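Here the structure comes first, spelled out in structure tokens, and everything after it is commentary.
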Amino acid sequence: MLQLKNVSVVRGGTKIVKNVNLKFKEGHIHVLLGANGSGKSTLAQGIMGVFPVEGEIYLGEERIDSLSINERARMGITLAFQEPARFEGIRVKDYLLLSSRSKRMSEIEEVIKMVGLPKPVLFQTMDESLSGGERKRIELAAVMLMKPKFAILDEIDSGIDMVSFRRIGEAITIMKRAGTGVILITHNEDMINIGDLASIICRGEVIKTGAPMEIRDMFTSSPCPVLGVNA
Ligand SMILES: Nc1ncnc2c1ncn2[C@@H]1O[C@H](COP(=O)(O)OP(=O)(O)OP(=O)(O)O)[C@@H](O)[C@H]1O
Ligand SMILES: [Mg+2]
């Protein structure tokens, strides 16, 4: 269990995330929905330790909110950033080997297939020659190879073409079946289907948590229902 108790995040003197209380379970997919600027990426980075948080974060029994990013990563938390960091110059294969626990090429080939990329991509370099969608999928492959306890996927599905989209959903479901708790930040209605639970974030607050379909309907009718505004 990964638990947030009254978690707030202040950036540039403004409280962006406000008193979030959420419980994430291993082997479950929890979808986070929210309009642009509602604080999803800020929350994701607060959980990972990129930004300091107020409140408490527990991984199992252990309180982790004052630990460094590296310490949290070692404990099994991974964040795939909305804008992935660039590792210019290194080959895709070597990038994935860095993430891989087993260091087996066969596993890397298997995972690259799961995210719908052809094998030769492994021998390309991580530079502008890769498309945006390819980068996102390589990022997902890296997260899968880490076999984390919890994976926060920040819009891993954005910029993915229609055909590959389904495959990304399947790959995330495979992670879940392997026991990873997935926190799935998405703007895509079709991705919500794979969730076990979903929450709406509105102006930094979690305003509703429930069954994915119920949350999707609520969100599409008004992204900020409590305030009754479309922001
Ligand atoms: N240093 C800062 N000072 C003030 N506001 C900031 C600062 N950094 C970020 N923000 C604001 O925080 C809000 C939340 O940003 P965040 O990236 O978490 O949103 P998001 O929900 O991930 O949006 P998107 O769906 O567009 O990715 C935005 O309105 C952003 O402008
Ligand atoms: Mg974001």
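Pull up region 40-76, narrow it to residues that are part of a loop (DSSP other than H, G, I, E, B) and within 16 Å of ligand 2 (Cβ to nearest atom), then point me to the one that is nearest to Asp154 (Cα to Cα).
Val50
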I want to confirm something. Restricting to region 1-20 and keeping residues that are more than 13 Å from ligand 1 (Cβ to nearest atom) and touching a Leu at 6+ places or on another chain (Cβ under 7 Å), which single residue is nearest to Pro148 (Cα to Cα)? Leu2
On the given criteria, is Leu97 outside any loop (DSSP other than H, G, I, E, B) and within 13 Å of ligand 1 (Cβ to nearest atom)? no
Small (Gly, Ala, Ser), within 16 Å of ligand 2 (Cβ to nearest atom) and either within 17 Å of the chain's Cα centre (by Cα) or more than 25 Å from Glu62 (Cβ to Cβ) (or both), is that true of Ser222? no
Hey, can you tell me all the residues within region 54-104 that are surrounded by 15 or more Cβ atoms within 10 Å (Cβ to Cβ), more than 16 Å from the chain's Cα centre (by Cα) and on the phi > 0 side of the Ramachandran plot? Gly55
Looking only at region 115-135, count how many residues are more than 12 Å from Val92 (Cα to Cα) and in a helix (DSSP H, G or I). 2
Can you work out which of the residues in region 21-48 that are among the hydrophobic types (A, V, I, L, M, F, W, C) and surrounded by fewer than 23 Cβ atoms within 10 Å (Cβ to Cβ) is nearest to ligand 1 (Cβ to nearest atom)? Ala35
Phe165 vs (1) in contact with a strand residue (DSSP E or B) (Cβ under 6 Å, 6 or more places away or on another chain); (2) more than 22 Å from Lys93 (Cα to Cα); (3) touching a residue at least 24 places away in the same chain (Cβ under 8 Å): all pass except (1)
Do we have any residue at all in region 49-66 that's under 23 Å from Arg137 (Cα atoms) and either at pLDDT 95 or above or within 16 Å of ligand 1 (Cβ to nearest atom) (or both)? yes
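The values are calculated or read from the model by the stated rules, or taken from the named source; none is laboratory data. This one's a predicted model, so the numbers in the text were calculated from it and none came from an experiment. Cβ sites come from the backbone with ideal geometry, for glycine too, and all protein chains shown count toward neighbours.
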